[in-house]
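Heads up, the thing below is written out as structure tokens.
The values are calculated or read from the model by the stated rules, or taken from the named source; none is laboratory data. Remember, predicted model here, so these are calculated numbers, not experimental data. Every residue, glycine as well, gets a Cβ built from its backbone with ideal geometry; the counts of neighbours run over all protein chains shown.
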């Protein structure tokens, strides 16, 4: 095993990277009709030429520059720090970013600012894991329960999860951790696919993609709904026919409805036996999700990709508003806030099925779901992680899918390094794609 | 009465304006220890040289540039529009900003993005009111209930307030509206002061400011707490002695506590008979506020200045988590979202006591509290609007206070134009103050 090599951050660079996905309607849904999958991409250089940390937060095009600006506002909090300084009291370092007295006004812990915090912390964890010569999941799995708990900022959550309760959850899993690690190394973590069901895809395209998904072993298929009930019924019927009665069909409304609308709409889709309805209404509406969950049972409610921080997840759990937790690795501020949410979910008995897709999310959740299974939840029951197969060519080490299972990452780091070619092409507005696009649109 | 003169927006400029208030600890509290009161300041030029709209959103220094960037991302949605186009279907225009498909990912309707939306919409309303030749409050007061309701985006709130219910609240107040308008023109709207009680002020300074406040007629005094219980007890005791048993003392924790901490802390401050505890915990924690409100009654819970949007306020009302609503005119997206919250508060019987201070907030709430009293609430019972007397010299038309009452604005517009001198001095980083500061810190 490699020993720890410390590194000091000497510079922080952040790039606005945008891929013109809106051209093919990849990623279109009821609320996001023309996304250009993008990211704010952080590069941390160190005093060691062989150690560099990279991290990102996913965005949809416009507004990425605002996230970039927020990252730049945190530079002084990061540059000069060594990894051993940061991780000596990680929770305090975390709070120095999330509660910077001037910056927190434009959050706090939400929106562009929190997305920026995620990009910075994801890069810091990437660097830290490279210092250890291990992938992120393995760094965490090799920590003691006390070490994991020391990462967590418990502010605002102690009424739902105390430090002692967190420690107990981790300690209870400790003795069987290695068995689950071996299991994951052998089998990988089960995934579901969203690739077949975007709005804007034709029946032919859906049928083709759905059949391909079944062939490689997917047992859970998700489709987008909410634009038009008749079209949704047609597509639900088509997919249910294709997958049969036993596989799971999930539907995703991307926040399209008011509370009562969601309840009425789901009564019409109930005949297709959806496993969950995802994002039925505003991600801010805890009580609304609770009302929907109560009204549409046994259909379950899933949400989380746009839930801003641990305080919202705490309440979704307290209010029994969320049956599946779909935390986002780039909206929560780095692995420690994701682990915080996983621990709360373990206490409340709610499975975590992380949100993925976009840019880099598959790579991040590939690490995080292993941590949940091995250290926290200890079970695979009702757990599937989202997988969307696109833009893998952007990554130096894209996530690896085999027989519908995420394979354990082996490379040191947190795993979201973009290739030099991708950066040269898609950095906005100076990359070759955008320069060409700009010159042709000016013609 | 002047008739409506239309105007077309031909340019949008946004400035980052920062005042170095951290030097005197003006505005310091338990969470914001060194604020430089700042704003993103929007200037809309039109095809009419005599009509220009200005609007702002308040910030604390760092991060203002990110809000500026978000404003710039909305330019295309605004430039070219005439006021009659915008106000023909204002709710649709509003949603075109709050739900822009790429931008909403970095919100939605929260954080830097929503603050930027507020700055843009505040400027648009300023322009619209100037087209009418009236101050904002008078433009709204002269609308029919139908016209007011047409301004509102009901998405995500229909489970708490329907269009018909909103219409009924406004219609019920219609026949007595003119009496309340006359009352306000004569007396003004009652205010309370926060000037005496900032953290970091000495006993002598508190005593002096408190006596001054009593002399000009203030009957409600608020102080900051949460840093140190012994110091808070000392300051509460001092102020209670100075104001006597009948005047109201309010305390403000600025989100310092966890739920159980807040309950314990307030039990210790109860002997000083605080009227409300403001921001006891995270602004995102609806269920936490509800638990605190239940535990510390009859002390009331006030919150709102950092509550991100109407969906949070809806839940605070549904959960009986907020006894006083302190919505912020620059965090909610312009007057229509503030009116939306006021209508929900009217339905749930919760008084609105708007947040002020900062830069421009006194000027904005001065308009908005009149709308609430005249058109919506119809009562002054338990209603006081915050007032903080500083930085008035920045404004062309600062709010006017007389015998502790906000006086009705008379100038056309929404009232937050900064003077050319203020812009020349404090625009960041090119203003004369910052150029000098930068050159002296480089010496």
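Miscellaneous remarks
- Residue check for residue B:61: buried (at least 21 other Cβ atoms within 10 Å of the Cβ), modelled with pLDDT of 95 or more, more than 21 Å from residue B:11 (Cα to Cα) and in contact with a strand residue (DSSP E or B) (Cβ under 7 Å, 6 or more places away or on another chain): yes
- Residue in region A:99-122 that is out of contact with any helix residue (DSSP H, G or I) (no Cβ under 8 Å at 6 or more places or on another chain) and over 30 Å from residue B:116 (Cα atoms) present: no
- For region A:150-164, filtered to residues that are away from chain B (no Cβ under 12 Å) and crowded, with 16+ Cβ neighbours inside 10 Å, the residue that is nearest to residue B:263 (Cα to Cα) is A:152.
- The set of residues in region B:298-318 being surrounded by fewer than 24 Cβ atoms within 10 Å (Cβ to Cβ), farther than 25 Å from residue A:321 by Cβ and touching a strand residue (DSSP E or B) at 6+ places or on another chain (Cβ under 9 Å) consists of B:299, B:300.
- For region B:23-42, the set of residues classified as surrounded by 20 or more Cβ atoms within 10 Å (Cβ to Cβ) and away from chain A (no Cβ under 12 Å) consists of B:26, B:41, B:42, listed by residue number.
- Spans of helices (runs of 4 or more DSSP H) in region A:232-322 with at least 1 residues within 30 Å of residue A:216 (Cβ to Cβ): A:259-269
- The set of residues in region B:1-22 being within 14 Å of another protein chain (Cβ to nearest Cβ) and surrounded by fewer than 21 Cβ atoms within 10 Å (Cβ to Cβ) consists of B:20, B:22.
- Matching residues, region B:254-272, being in contact with a strand residue (DSSP E or B) (Cβ under 7 Å, 6 or more places away or on another chain) and more than 13 Å from chain A (Cβ to nearest Cβ): B:266, B:269, B:272
- Residue within region B:65-74 that is surrounded by fewer than 20 Cβ atoms within 10 Å (Cβ to Cβ), more than 9 Å from chain A (Cβ to nearest Cβ) and either touching a strand residue (DSSP E or B) at 6+ places or on another chain (Cβ under 6 Å) or in a helix (DSSP H, G or I) (or both) present: no
- Boolean, residue B:117 is more than 7 Å from chain A (Cβ to nearest Cβ) and surrounded by 22 or more Cβ atoms within 10 Å (Cβ to Cβ): yes
- Filtering region A:181-195 to residues that are touching a strand residue (DSSP E or B) at 6+ places or on another chain (Cβ under 6 Å) and part of a strand (DSSP E or B) leaves A:189, A:190, A:191, A:192, A:193, A:194.
- The residues in region B:123-137 that are surrounded by fewer than 22 Cβ atoms within 10 Å (Cβ to Cβ) and touching a helix residue (DSSP H, G or I) at 6+ places or on another chain (Cβ under 8 Å) can be counted, and the count is 1.
- Residue within region B:341-355 that is under 20 Å from residue A:283 (Cβ atoms) and modelled with pLDDT of 95 or more present: yes
- Matching residues, region B:298-330, being at the interface with chain A (Cβ under 9 Å from one of its Cβ atoms) and in contact (Cβ under 8 Å) with a residue 60 or more places away in the chain: B:308, B:309, B:311, B:314, B:318
- Single residue of region B:282-297 satisfying the filter (in contact with a strand residue (DSSP E or B) (Cβ under 9 Å, 6 or more places away or on another chain) and within 13 Å of chain A (Cβ to nearest Cβ)) that is surrounded by the most Cβ atoms within 10 Å (Cβ to Cβ): B:289
- Residue match in region A:366-388 (condition: modelled with pLDDT under 95, in a loop (DSSP other than H, G, I, E, B) and more than 15 Å from residue A:57 (Cα to Cα)): yes
- Among the residues of region A:290-303, the one identified as touching a helix residue (DSSP H, G or I) at 6+ places or on another chain (Cβ under 7 Å) and under 16 Å from residue A:328 (Cβ atoms) is A:303.
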